[in-house]
Structure formats: structure tokens, C-alpha cells
Amino acid sequence: MKIKYSKERLNSNYKLGLYFVIAGTVITVAFAIFSESNEFQLDSPGIGLIGAGIFSLIIYYYKKKKQYLTITDGVLTKNTLIPKNINLNEINRIKRFAGDYKLRTNKAELIIDTQIIDPNSLTELNAELEKVNAEWN
């Protein structure tokens, strides 16, 4: 089961990436037009914006493909650059704090930001966490 990011979260990454690519392209072209050599140069300030935009679009693609959390075979995985796993059977305590869930085992802790989760997926996550035999705070 995949716990999805909210559409607003994904769209903001997409729009930010497009904005940076477009702004970087405009600045690079303007820099080439108004420079004395009239040539494309890699030291244009727009190249950094284009790079940041491409990076943001890559993050958008990764988040859209992987989503925020994955629950398979009793293991909850937080899909970050370095994925974090926690076995649902090993959870001792679940704490709600400021819109987050803090899941604790004897060895590890995992924080889930519920603000960035799609409302339908949040319902699924809550149902899955209710099944866990753990102390709720």
C-alpha cells in the first residue's frame, strides 16, 4: 500500500522546477543577447537556475513515483533519498505531536509528517496504525 503525498505538495515541486527552468532560460538568452560577444556562455547566471529547476523536477518525479510511505509485508518504509524502514510488529509507542506521528521501537524512531499526506491516504495510514499493538500518547 502506498501512502501518497498531497497533490499540493507534488504540484509545488513541479511548478517550482518549471519556473526555475523558464527563468534560467530567459536570463541565459538575455545574457547572450546583451553581452558583447553575442554567444552562449556557461557563466551566465541563468545556468544555475536551469540546474536548480532540473533538480527540482527530478525530485518531483521521484516523489510522484515512490510516494511518501510504502507499507508492504508488515514493514513501513519512508521513501527518502536513503529509505527508512520500521517493522510494524516492533512498534512500542505511537505519539501524536503537532500533526506528526512519532513511531518508536526499541532500536529506531520514525517521524511521519501528516501535513504532507493526501487525505485519503491519511485515512488508510490511520487504519493501518490502529491495527498495531502499541501504546498511544
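The values are calculated or read from the model by the stated rules, or taken from the named source; none is laboratory data. Just so it is clear, the structure is predicted and the values come from calculations on it, not from any experiment. Using ideal geometry, Cβ is built from the backbone for each residue, glycine included, and neighbour counts are taken over all protein chains shown. To get the accessible areas, we keep the full protein, side chains included, count just its heavy atoms, and leave off ligands, DNA and RNA. Shrake-Rupley method; radii C 1.70, N 1.55, O 1.52, S 1.80 Å.
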**Q.** Pairs, first in a strand (DSSP E or B) in the stretch 1-30, second of a type in the set (S, T, N, Q), C-beta under 7 Å, six or more apart
**A.** LYS2/GLN67; LYS2/THR70; ILE3/GLN67; ILE3/SER121; TYR5/GLN67
Q: For the stretch 81-91, state whether one or more residues are modelled with pLDDT of 90 or more, under 15 Å from the mean Cα position of the chain (by Cα) and of a type in the set (A, V, I, L, M).
A: yes
**Q.** Hits in the stretch 43-63 - residues which are surrounded by fewer than 16 Cβ atoms within 10 Å (Cβ to Cβ) and over 30 Å from ARG104 (Cβ atoms)
**A.** ASP43, PRO45, GLY48, GLY51, ILE54, PHE55, ILE58, TYR61
Q) Is it fair to say ILE117 is surrounded by fewer than 17 Cβ atoms within 10 Å (Cβ to Cβ), within 22 Å of the chain's Cα centre (by Cα) and hydrophobic (A, V, I, L, M, F, W, C)? A) no
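Conditions tested, residue by residue: (1) out of contact with any helix residue (DSSP H, G or I) (no Cβ under 6 Å at 6 or more places or on another chain); (2) at pLDDT 95 or above; (3) open to solvent by less than 100 Å² (accessible area, probe 1.4 Å); (4) polar (S, T, N, Q).
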site	(1), (2), (3), (4)
MET1	yes, no, yes, no
ASN13	no, no, yes, yes
ILE22	yes, yes, no, no
THR25	yes, no, yes, yes
VAL29	yes, no, yes, no
ALA32	yes, no, yes, no
GLU39	yes, no, no, no
Q.
Residue pairs, Cβ under 8 Å, 6 or more apart or interchain, first in the stretch 51-75 and without any contact (Cβ under 8 Å) to a residue 40 or more places away in the chain, second of a type in the set (S, T, N, Q) and part of a strand (DSSP E or B). List them.
A. GLY74/ASN87; VAL75/ASN85; VAL75/ASN87
(Q) Can you pull out every residue in the stretch 67-109 that is open to solvent by 90 Å² or more (accessible area, probe 1.4 Å) and outside any strand (DSSP E or B)? (A) ASP73, LEU81, ILE82, ASN89, GLU90, ASN106, LYS107
(Q) Against the condition modelled with pLDDT of 95 or more and either touching a strand residue (DSSP E or B) at 6+ places or on another chain (Cβ under 7 Å) or not in a loop (DSSP other than H, G, I, E, B) (or both), how does GLY46 come out, does it pass? (A) no
